[in-house]
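First comes the structure, then the notes that go with it.
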Amino acid sequence: YRDRRLFDQVDAVLLPSQFAADWYRRELGVHGTAIPSLMNLDRIESDAADVARRYVTFVNPQAAKGAGVFARIAQELDRRRPNIPLLVVEGRGGASGLMQTGVELSGVTNLSVMATTPNPRDFYRVTRLVLMPSLCVESFGRVAAEAMTNGIPVLASDRGALPEVLGDAGTTLPIPERYTPETSAVPSADEVAPWVETIVRWWDDSGVYHSTSQQCRAAAQRWQAERLGPRYEAFFHNLLG
């Protein structure tokens with residue numbers, strides 16, 4: 001939110017990342033408390049075996065979430081490594097959003113689509129890698145956190161709070177600043193080459209993959225309810241006081 005007046009009647013501000021807290025303080029002079037969002041593990045945790053995890057998955061194909069970036073990656077993977085299957089999970093944006101990017105995907109044979117589901121486990125149980133090429137300023141990155149909780153490596157842009165969420169686990173890569181949710185331009189093959197190379201490396205090198213997977217599970221411990229619960233309790237206790 002970019003209008004300071006929205007906070008005129010607000011007693012306290014709770015934010016899901018330190019990045020978001022710093023942004024509001026810097027941009028609007030609003031001081032808030034950063035506590036990551038709680039996650040319902042019953043909806044997201046999957047005990048699927050490695051053999052079931054076969055897709056590189058992109059959730060919610062909207063322009064702001066990097067639909068154009070993903071479309072170019074899909075095109076390049078189809079050209080270089082058509083044996084790596086891709087999954088698009090529809091959300092607020094449908095799979096038709098990929099066609100609106102202008103990238104020719106009609107000949108891509110390794111691309112599957114899953115309709116919107118109320119149970120994220122439906123796609124996490126079949127996901128080997130998660131892509132988050134967001135173009136927007138992410139205030140947290142719930143998909144990344146949920147994937148990491150499942151030990152699924154995440155390859156994300158460096159927009160907003162995503163570097164904070166991934167920490168030392170997963171990988172963030174830059175996307176040229178000229179690509180925003182408002183632009184219709186799509187990155188070139190050369191610009192997405194680091195993304196493609198990282199996907200291929202994680203796909204082919206089981207040692208690197210499993211090491212990253214373990215790092216993700218370890219990093220996700222900070223979002224356990226027993227760790228966040230006392231922080232929420234203290235926040236509301238102080239507010240009521």
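The values are calculated or read from the model by the stated rules, or taken from the named source; none is laboratory data. Everything quoted here is computed from the prediction, not taken from an experiment. Here Cβ is always computed from backbone atoms with ideal geometry, including for glycine, and neighbour counts include all displayed protein chains. Please note that ligands, DNA and RNA were not included when accessible areas were found on the heavy atoms of the full protein model with its side chains. Shrake-Rupley method; radii C 1.70, N 1.55, O 1.52, S 1.80 Å.
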What are the residues in the stretch 58-101 that are open to solvent by 30 Å² or more (accessible area, probe 1.4 Å) and in a helix (DSSP H, G or I), if any? ARG72, GLN75, ASP78, ARG79, ARG80, SER96, MET99
Among LEU228, LEU162, which is the only one that is at pLDDT 95 or above, open to solvent by less than 50 Å² (accessible area, probe 1.4 Å), under 18 Å from the mean Cα position of the chain (by Cα) and under 20 Å from ILE35 (Cβ atoms)? LEU162
Of the conditions (1) part of a helix (DSSP H, G or I); (2) among the aliphatic types (A, V, I, L, M); (3) farther than 24 Å from GLU76 by Cβ, VAL192 clears all except one; give me its number. (3)
Residue check: is ALA21 out of contact with any Phe, Trp or Tyr (no Cβ under 9 Å at 6 or more places or on another chain) and surrounded by 15 or more Cβ atoms within 10 Å (Cβ to Cβ)? yes
Single match in TYR209, TYR232 (criterion: within 24 Å of GLY66 (Cα to Cα) and among the hydroxyl-bearing types (Ser, Thr, Tyr)): TYR209
Based on what the data block shows, is LEU15 surrounded by fewer than 17 Cβ atoms within 10 Å (Cβ to Cβ) and aliphatic (A, V, I, L, M)? no
Checked the stretch 48-57 for anything in a strand (DSSP E or B) and open to solvent by 30 Å² or more (accessible area, probe 1.4 Å); matches are TYR55
In the stretch 136-149, what residues are surrounded by fewer than 24 Cβ atoms within 10 Å (Cβ to Cβ), aliphatic (A, V, I, L, M) and under 22 Å from ALA63 (Cβ atoms)? VAL137
Tell me, yes or no, whether the stretch 168-186 has at least one residue that is open to solvent by 50 Å² or more (accessible area, probe 1.4 Å), more than 27 Å from ASP22 (Cβ to Cβ), in contact (Cβ under 8 Å) with a residue 40 or more places away in the chain and part of a loop (DSSP other than H, G, I, E, B). yes
In the list VAL126, VAL130, VAL103, VAL108, which residue meets the criterion of being closer than 18 Å to ALA185 by Cβ and β-branched (Val, Ile, Thr)? VAL103
Evaluate the stretch 152-159: report whether one residue or more is touching a residue at least 12 places away in the same chain (Cβ under 8 Å), within 10 Å of the chain's Cα centre (by Cα) and part of a helix (DSSP H, G or I). no
Residues being modelled with pLDDT under 95 and either assigned to a strand (DSSP E or B) or among the polar types (S, T, N, Q) (or both): count how many of those fall in the stretch 115-132. 3
